[in-house]
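Please treat every number below as a calculation from the coordinates, not as lab data. These numbers come from a predicted model, not from an experiment. All Cβ positions, even for glycine, are placed from backbone atoms using ideal geometry, and neighbour counts span all protein chains on display.
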Amino acid sequence: MGQMERGIARLSEELDTLYSIYHKPMILTEFGADAIPGVHAQPSEMFSEEYQADMIAQYIEVLDAKPYVVGQHVWNLCDFKTGQAVHRMGGMNYKGVFTRDRRPKMAAHRLKMLWDKRDYEPIRYWAGFGNYHL
C-alpha cells in the first residue's frame with residue numbers, strides 16, 4: 001500500500017491540530033484516489049480499484065473517529081474527461097467511485113457497505129444545538 005498508513009496518520013494529526021487552533025466543526029471534502037476501471041492488485045497498488053477503496057475507507061475511519069468532523073464528501077462520484085496531462089491517462093480523471101458510464105467500481109461497493117452499517121444521528125448542528133456553536 002505504499003505509504004498510505006503514514007498519510008492516514010498525518011491526516012489524523014493535521015485534523016487534530018486544526019481543531020486545537022480553531023475549535024470549530026469541520027467538513028472534509030474532495031478526498032479520494034484515482035482508480036483505472038478494471039485494474040486490480042493484491043496487495044493493493046496505486047491506481048488499482050483496491051487502492052482507491054482502501055484509501056477512501058481509511059479516510060472515513062479517521063473522520064468518523066473525530067467528533068468535530070460533521071461532514072465528509074468523497075471526490076468524485078464519477079470519472080470524467082478533463083484536459084490532457086502527463087499524469088492523466090487518456091485525459092481522464094479516474095477519481096470517481098463510478099466509471100464515466102456509471103458502472104460501480106470497488107470503492108462504490110465499499111462505500112455502500114460502510115454507509116449501510118452507520119447508525120445516523122439526526123442533524124442538529126445547523127440549528128445551533130449540540131456542542132458546536134456556528
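Here is how the numbers come out for the structure above:
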read-out	value
Added length on full extension, which subtracts the Cα-Cα distance from 0.36 nm per residue, MET89 to ASP101	2.6 nm
Mean Cβ neighbour count within 10 Å, used as a protection proxy, ranking 72-85, 55-68 highest first	55-68, 72-85
Directionally averaged projected area (convex hull, Cα atoms, the chain), nm²	9.7 nm²
Dipole in debye (nearest 20) - the stretch 4-117, about Cα centre, beta carbon charges: Lys, Arg +1; Asp, Glu -1	420 debye
Count, lysine Cα pairs under 21 Å in the chain, 8 or more residues apart or across chains	8
